[in-house]
1. From the set of residues in segment 1-14 that are over 9 Å from Val68 (Cβ atoms) and of a type in the set (Gly, Ala, Ser), which is surrounded by the fewest Cβ atoms within 10 Å (Cβ to Cβ)?
2. So, in segment 15-26, exactly how many residues are surrounded by fewer than 16 Cβ atoms within 10 Å (Cβ to Cβ) and either in contact with a Lys or Arg (Cβ under 9 Å, 6 or more places away or on another chain) or outside any loop (DSSP other than H, G, I, E, B) (or both)?
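Readers should treat all values here as calculations from the given coordinates under stated rules, not as data from a laboratory. Owing to the predicted nature of the structure, the values given are computational and were not obtained by experimental measurement. Every residue, glycine as well, gets a Cβ built from its backbone with ideal geometry; the counts of neighbours run over all protein chains shown.
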Amino acid sequence: MAVEVAYATPERQLMIPVSLKANSSVDQAIEASGILREFPEIDLSQQKVGIFGVVCNLDKTLCPEDRVEIYRPLTQNPMDARRGRLQK
């Protein structure tokens, strides 16, 4: 089964295609992708993951063609950012 694992920083975006056995989990896809070696700052015990923008657990079973996304922590509260833009 083919899936992608994606992670992005402000400077760099990486999408890694991975081939897995059927009924593989999000955690297995992340491990197989090698993305943790590319971005050692990723801490899966703290950061959320999802599939196509929907947050899920690491043990979620994947479907073919899923895109696993690793989300960075927010640096600013979205409501505060919106207020700041409106004040300008």
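1. Ala2
2. Keep residues of segment 15-26 that are surrounded by fewer than 16 Cβ atoms within 10 Å (Cβ to Cβ), which gives 15, 17, 19, 21-23.
Cutting the leftovers down to either in contact with a Lys or Arg (Cβ under 9 Å, 6 or more places away or on another chain) or outside any loop (DSSP other than H, G, I, E, B) (or both) gives us 15, 17, 19.
The total comes to 3.
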